[in-house]
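Read-outs: derived from the displayed coordinates by stated rules, not from any lab. Values in this document were obtained by computation on a predicted structure and should not be read as measured data. Glycine gets a Cβ as well: all are built from the backbone with ideal geometry, and neighbour counts include every protein chain shown.
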Amino acid sequence: MGKIVLGIGTSHSPMLAQPPELWAVHGQNDKRNGELVYPPDGLVYPYEEALERAHPDIANLVDEDLFRKQHANLTNAIEELASSLRAAKPDAVIIISDDQDEVFFEDNMPSFSIYWGETMPLIARTPPESAPPAVRAMAWGYGDVSMDVPVDTGLARHIIEHMIDNEFDVSHSKYLKEETGGYVARRYPTPNGESTFGRMTEPRQQGMPHGFAYCIKRLMHNEPFPIVPVSLNTCYPPNQPTPKRCYNFGLQIREAVASFHKDARVAVIGSGGLSHFVVDEELDRAALKAMVDNDAETLSNLPRHRLNSAASETRNWIATAGASSHLKGEILAYEPVYRTPAGTGGGWGMVRWNGH
């Protein structure tokens, strides 16, 4: 009989691996981003129009001194999570994350998928010296050592079979293709209908997606525990799971671990989010409060129209909250980082669920 002994929710933004003086580079990129979904209506607006609509006080928050304080707070929280994970000494770590133009494309985009191969490859990111400083700075945060990360195949298969028995029709995979690529459209609402923005990724070597690789590097310091990679399609309509579905999925992960035939100590990590590429403090704070209050009703009913674009990764946290609902949650950090006067940026945070 297994038991989840630790839950972790963590942002995995590239900004967390970069010095704060490079954060403004993302603000320049935001001006060309076609995925800027704005609260509270959940509509895509181009940067210039969003800038006209933004509250003027936001400009005061685009400040490098503030960035340094936020960076220090978030870095300390990441290290505290890493220490908690080491102290828990888990036999396996279930990582719940998502895929963004990495492994899954529109030829096959499952709502839920569980990997159960013997290992999962992590391919180190090694940008050339000619790459921009911001790109070189962020690369190490998603893995700077190539390795085959061990997978707890027995637990992974058990979770798959448990889910099928409990009305979750999950996909499964045993290996990653040597090269992956394809097209993904962003079908987000606009004032005039639906976004036509999409991205084509040419075939290339990928390895595990960045949300999983972040955990290996930043929380396990390249000394991985056996993992169970669980992917949710948080980002891309039309088959994103609802918040309620994600929470119940997390509950069933806990039940699956409890019915496992081994006395395994298991940790679960929700990787990604919170709100971005536009800051939505109201949504972030409501979700965080519900997590630490064990408020399943609020988590299950977070407004879906505010969970598009990358803010959708909050779904990973919702599932983790369900899996960790028998534990006590605490917020280690939350920093709403505004990188432009138009309100673009992200709500970066870290939560830990531990024993009562």
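Here's the yes/no breakdown for (1) under 15 Å from the mean Cα position of the chain (by Cα); (2) closer than 24 Å to Gln100 by Cβ:
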residue: His261; (1), (2): no, no
residue: His276; (1), (2): yes, yes
residue: Leu299; (1), (2): no, yes
residue: Ala311; (1), (2): yes, yes
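Among the residues of region 318-356, count how many are part of a loop (DSSP other than H, G, I, E, B) and of a type in the set (A, V, I, L, M, F, W, C).
Residues that pass the stated criteria total 2.
Here are some conditions: (1) of a type outside the set (Val, Ile, Thr); (2) crowded, with 23+ Cβ neighbours inside 10 Å; (3) not in a helix (DSSP H, G or I). Arg315 meets all but one. Which one does it not meet? Checking Arg315 against (1) of a type outside the set (Val, Ile, Thr); (2) crowded, with 23+ Cβ neighbours inside 10 Å; (3) not in a helix (DSSP H, G or I), the one that fails is (3).
If only residues of region 119-176 that are under 21 Å from Pro19 (Cβ atoms) and of a type in the set (Asp, Glu) are counted, the one that is surrounded by the fewest Cβ atoms within 10 Å (Cβ to Cβ) is Glu129. For the residues Pro121, Pro110, Pro133, the requirement of being over 20 Å from the mean Cα position of the chain (by Cα), of a type outside the set (D, E, K, R) and over 18 Å from Val257 (Cβ atoms) singles out Pro133. Selection of first residues in region 264-280 that are within 16 Å of Pro341 (Cα to Cα) and of second residues that are assigned to a strand (DSSP E or B), restricted to Cβ pairs under 6 Å at least 6 apart or on distinct chains, gives the following pairs, ordered by first then second residue: His276/Gly346; Phe277/Thr344; Val278/Tyr38; Val278/Thr344; Val279/Pro336; Val279/Tyr338; Val279/Gly345; Val279/Gly347.
Meeting the requirement of 1 or more residues that are at positive phi and small (Gly, Ala, Ser), the strands (runs of 3 or more DSSP E) wholly within region 122-188 are 180-185.
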